[in-house]
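Everything below concerns the one structure shown next.
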Amino acid sequence: MKAQSRLPESNALITGRIFTAVTTVRTFFTSALLSLALCLFLLSVSAALTPAVRADPPDSTGTFSVTPPVAIDWSGEKTETLFFILGMLDEYLGRQWTEDVDCVERFYCSEHVEAFVFLAYLNRLASEQGLDPVIDTELNDCLVYFHSKPLADLINS
């Protein structure tokens, strides 16, 4: 009769650890792959739901007009300015905007330094995008509002 060979206890322990490591790596890559698939799906759904043009409110006759999106120049360092401004606008969980309103942003009483920096970047954005550089500043109590129809249209597009 032949004796069955058994792995020494230490080899069994090593084999168990290798199996655990392989299972962990497989689980990680499976999760990463599922996350990537979900992100791609959400991006495709978002792109499908985003209209290429927006419908303006009806005029006095009740008809709708369609406005093409504002053309944005993405060349060179112009993207840095635009993304800096968009980042400041998104600081408090995004911003609410309404079409046909010229208010770009408002700042609280404790944010006067931030408002000054924002104004400098708005002027830079207007210059880079070839827009009207006039930005009206409104001080209401201690709140600071910036108004510019061309810049509001560009940012809201």
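Only the coordinates and a few stated rules stand behind these numbers; no lab work does. All figures in this text were calculated on a predicted structure; none of them were measured in a lab. So basically every Cβ, Gly included, is an ideal-geometry build from the backbone, and we count neighbours across all protein chains shown.
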For Glu105, distant residues with modelled amide H under 5 Å away = Phe146
Peptides 137-146, 80-89 ordered by average Cβ neighbours within 10 Å, highest first = 80-89, 137-146
The local net charge around Gly76, scoring Lys/Arg +1 and Asp/Glu -1 for residues other than Gly76 whose Cβ lies under 14 Å from its Cβ, equals -2
